[in-house]
Structures are given as structure tokens and as C-alpha cells.
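Asks: I'd like to ask some things about the structure below.
The values are calculated or read from the model by the stated rules, or taken from the named source; none is laboratory data. A quick note: this is a predicted structure, and the numbers were derived from the prediction, not measured. We place every Cβ from the backbone using ideal geometry, glycine too, and count neighbours over all the protein chains shown. Accessible surface areas use protein heavy atoms only, side chains included; no ligands, DNA or RNA. Shrake-Rupley method; radii C 1.70, N 1.55, O 1.52, S 1.80 Å.
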Amino acid sequence: MIVQEVVDLLQAEVVAGIGKCDNEISGGYASDLLSYVMGQGKTGNIWVTMQGHQNIVAVASLLGLSAIVIAGDVKPEKETISKAESEEIPLLITTLSVFAVSGLLYEKGVSGA
Amino acid sequence: MMRQFVADLHVHSVLSPCAAVEMTPRNIVWHAAKHGIDIVAITDHNACDNVVAAFEAAKGTNVVILPGMEVETEEEVHMIVLFEKMRQLKVWEQFVKLHMSGRLNDEKRFGPQFIVDAEDELIGIKPEMLLTSLRVNLAEVCEKVNCVGGICIASHVDRPANSLITQLGFIPPDVGLAAVEVSRLTNPSEAIKRFPAIGNLPIVTSSDAHTINDFLSGPRTVFYINEPTLSEIQQALKGKNLRKVVRQ
């Protein structure tokens, strides 16, 4: 599955990194604690979170994540968007909850590994 | 003699990966002296390697340095911890070192972590990743800090990231916080209405400066105290012995 398919599935808005929506998704990870994402997230994972501050982009870039979904109608900070743009990390926003996003992804075969 | 002291209790130096390179201890002290900031706490993320240089730089000036750190707990809550004496901060630093994540900093993504002396000379680069959480929770941090004789102030409780209120949803009543800090985003008089969780805790404001421009634009807290020490500030926060917080 690629990021663009997630965009369509969630009817999400892509606020940065639109040029990388062909990134292949290796699996999914959901957490709001960045240190756990760094410890447990894997390259190519799509990350579902409610954190909107710019350090999420540094973490995604460090791990080589395929995309970040900011769930629960959280609006990312301006710096987050510009940093995701320059780091070419697709940043998706949605009003759906973390639980709903994870469920929808799981249904489509994105596993938690 | 009792008088007003202007304090900025939350200032980052070049050791913090997110701080600008102009934030050397010498430059911070110079600007503090020029702009009438009497008390400055150097509070880098999970480290304190530039505090000694700040003490050195402040010699012969009217600026008083408070040794401190901005700690990130396991819950990713940011806490300002302040001590009276450097030796207490060193004890605290040992505790922090035992609970580091073990990750190394990625300078390209998070920023460089410079250790400098009082003349702005580069002494070294801190290899550990500072912009991450320690493996120790909020209650343990507060207990240890209080045990060493320091105080804990919850950083920028009005901000959406790394604040005690957003991370936990409430302020634990039993951890012994000395105060909560409100950032430049919120007028302190409105803070209590917007964040009722603050309750009866004293409120301070600080610049959380990452640039000299942040530092000069404030905010700061004005204390009415007898001398620029942590114990006087503690009394002011409690409103004891005629000491008080004049203005946030």
C-alpha cells in the first residue's frame, strides 16, 4: 500500500510532503510518546499520532517513516508543516481519531509490525 | 534589602540542540546585564554542561545565575528544575545520566549541542540525544529534585507540546510542584481561566529563550525578595515572610 491510498481511504488532507505520496507503507505504529516511536517504530511505517509539534518530523525523518497521520482534528504547528515540507515527509491530517485511523488501516492490511 | 528582582527562570544555551548559536553563556549574561535581568536560570534540555561557564561569565556583573535544567520526563512532560548551588545540580546531573535514553543525537535533524566556556570557545559537543525523554517518570523526578533541595516548575503548561496539562490531562496534586510556568503565548491573568487545572499553584512566566530576541522580549517574573537566591524565590512563590511575586 502507498501513502496516496491512505489519503483516499481516510479522506485526509495532505498538508506537506505531497510529492512523496508514492512512499510504500511497511506497517503502522500509533503513539503520542516520541521516545517510544523512536524505539519501536520501523522504517517505512506510517505513524498515527495526535502530536502536532515539529519534533514529530525529526523523528519521522530519523526513522525513515513513510508518512505521519495527525489524527483527532489536531492542527499541526506552522513549523511542523514547513519542516515536513523540507524533509519531504507526507503529513496527513484528519478529524478521525487515532483508533479509527488505525482500524481503517488494519482493515486494509497495514499490520502493526 | 528587600527590593524587586527581575528573573528569567527558563533560558536555553547553545547546549540545547534547538537553541541558536548566539545563546552562549557569555552572550546571555551580557544581554541580561544590559537589560536589567537580575536572575537568569540556564535550563538546557536534560543537561547542564554550560552552567559553569555562565557562572564564570557572570563574575563581576550584577547578574546572578541559578543552576538549572529543563528535564523531559518519561511522559514527555517538560519540567524546569532549579537548585541553589552548583553542587546540588551536579548531584542531580548524576541521576539524569543514569536515566538517559542511550540514544545519540542526530545533529542534522535535531541540531548541534555545543559545550562552551565563558569566552565563547567551543569545549566539546555533547553526544547524547538531549531532546528526548529520560527513563524516569514525573513523580520520580519531583521526588529526587526535592530530595536534593531543588524545586520543580512545570514548563509552559499553556502550550500544546510537552506540557504537564496536555501530556497528563491534569496536574498531579502530590508531586510537590513549586509553580507552573506560562509561556509568552498566554497572558498569566487569563491562564487560570483557560487552564483551571492550575488551581492554587503559583504562576511564573519565563522567556523559554532559544534566541537572544526571545530572551529580550521576555516574559519574565518580578520577585520582591531580599536577595537573589533560590530560597528567597521559594518564599516569594509561597508568599511567605513578606516575599512575593510582584508580576508575571
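Asks: What trypsin sites (Lys or Arg not before Pro) does the stretch B:50-116 have in DSSP loop regions with at most 12 other beta carbons within 10 Å?
Replies: Passing both the DSSP loop test and the Cβ count: B:59.
Asks: Could you check the simple spin-label distance between residue B:143 and residue B:30, using points 7 Å along Cα→Cβ, in nm with one decimal?
Replies: The modelled label-to-label distance comes out at 4.5 nm.
Asks: Based on a Kirkwood Rh over C-alpha pairs, give the Stokes-Einstein translational diffusion coefficient of the stretch B:144-208 at 25 °C and viscosity 0.890 mPa s in µm²/s.
Replies: 204 µm²/s
Asks: Given H placed on each backbone N at 1.01 Å, which residues far from residue A:30 in sequence or on other chains put an amide H within less than 5 Å of it?
Replies: Amide H to amide H, under 5 Å and 5 or more residues apart or across chains, residue A:30 pairs with A:48.
Asks: Pairs B:90/B:126; A:83/A:108; A:83/B:108; A:20/A:83; B:97/B:144: which are spaced more than 20 Å apart, C-alpha to C-alpha?
Replies: Over 20 Å Cα-Cα: A:83/A:108.
Asks: In addition: With a 1.4 Å probe and all protein chains left in place, how much of the accessible area of the stretch A:72-113 comes from carbon and sulfur atoms, in whole percent?
Replies: 57 percent
Asks: GNM, chain A, Cα, under 10 Å: largest mean-square fluctuation among A:70, A:25, A:46?
Replies: A:25
Asks: Quantify how much of the Cα-Cα distance distribution of the protein assembly as shown extends past 24 Å, in percent.
Replies: The share of Cα pairs beyond 24 Å in the protein assembly as shown comes to 58 percent.
Asks: Sequence neighbours fewer than 8 away in the same chain don't count; with that in mind, list the lysines whose C-alpha is under 23 Å from residue B:193.
Replies: Cα-Cα hits under 23 Å: A:75, B:238, B:244.
Asks: To the nearest hundred square angstrom, how large is the accessible surface buried between A and B, total for both chains, probe 1.4 angstrom?
Replies: For chain A against chain B, roughly 1200 Å² becomes buried.
Asks: Now for a different question. About its Cα centre, what dipole magnitude does chain A give when the only charges are +1 on Lys and Arg Cβ and -1 on Asp and Glu Cβ, stated in debye to the nearest 20?
Replies: The dipole magnitude comes to about 220 debye.
Asks: Further question: Which value, in Å² and to the nearest 10, is the accessible area of residue A:107 when all protein chains are kept and the probe is 1.4 Å?
Replies: My reading of the accessible area for residue A:107 is about 150 Å².
Asks: Residue by residue through the stretch A:100-111, which ³J(HN,Hα) values in whole Hz follow from phi under the Karplus form 6.51 cos²θ - 1.76 cosθ + 1.60 (θ = phi - 60°), with glycine and proline marked x?
Replies: So the J values, rounded to whole Hz, are 5, 4, 4, x, 4, 5, 4, 4, 8, x, 7, 8.
Asks: I need the P(r) histogram for the stretch A:41-91: all alpha carbon pairs, bin width 5 Å from 0 out to the longest distance, whole percents.
Replies: 5, 25, 37, 24, 8, 0
Asks: To continue, here is another question. What list of ³J(HN,Hα) couplings, whole Hz, do you get for the stretch B:170-175 from phi and the Karplus terms 6.51, -1.76, 1.60, once you set θ to phi - 60° and write x for glycine and proline?
Replies: 7, 9, x, x, 10, 9
Asks: Quick one: if you stick a label point 7 Å off each Cα along the C-beta vector at residue B:121 and residue A:75, how many nm between them?
Replies: 5.0 nm
Asks: Carbon-plus-sulfur fraction of the accessible area of the stretch B:1-94, 1.4 Å probe, in percent?
Replies: 53 percent
Asks: What percentages make up the Cα-Cα pair-distance distribution of the stretch B:1-74 when the bins are 5 Å wide from 0?
Replies: Spelled out bin by bin, the stretch B:1-74 gives 3, 18, 28, 25, 14, 7, 3, 1, 0 percent.
Asks: Please work out how much length the chain gains when fully extended from residue B:241 to residue B:227, using 0.36 nm per residue of separation minus the C-alpha to C-alpha distance, in nm with one decimal.
Replies: 3.7 nm
Asks: Cα atoms only, chain B: Rg and Dmax in Å?
Replies: Gyration radius and largest Cα-Cα distance of chain B: 16.6, 50 Å.
Asks: Out of the DSSP beta bridges found with both residues in the stretch B:3-246, what percent are antiparallel (nearest 5)?
Replies: Of all bridge pairs located within the stretch B:3-246, approximately 60 percent are antiparallel.
Asks: Percent relative contact order of the stretch B:143-248, based on C-alpha pairs within less than 8 angstrom and at least six residues apart?
Replies: The value is 19 percent.
Asks: If you wrap a convex hull around the Cα atoms of the stretch A:13-99, how much volume per residue is inside, in Å³?
Replies: In the stretch A:13-99, the Cα convex hull volume per residue is 75 Å³.
Asks: Can you tell me, using C-alpha contacts under 8 Å and at least 6 residues apart, the relative contact order of chain A as a whole percent?
Replies: 33 percent
Asks: At a Förster radius of 56 Å, what calculated FRET efficiency corresponds to the Cβ-Cβ distance of residue B:212 and residue A:107, to the nearest 0.05?
Replies: 0.60
Asks: While we're looking at this one, here's another question. Roughly how many Å is it from the Cα centre of the stretch B:101-179 to that of the stretch B:1-57, as a whole number?
Replies: The stretch B:101-179 and the stretch B:1-57 have Cα centres spaced 16 Å from each other.
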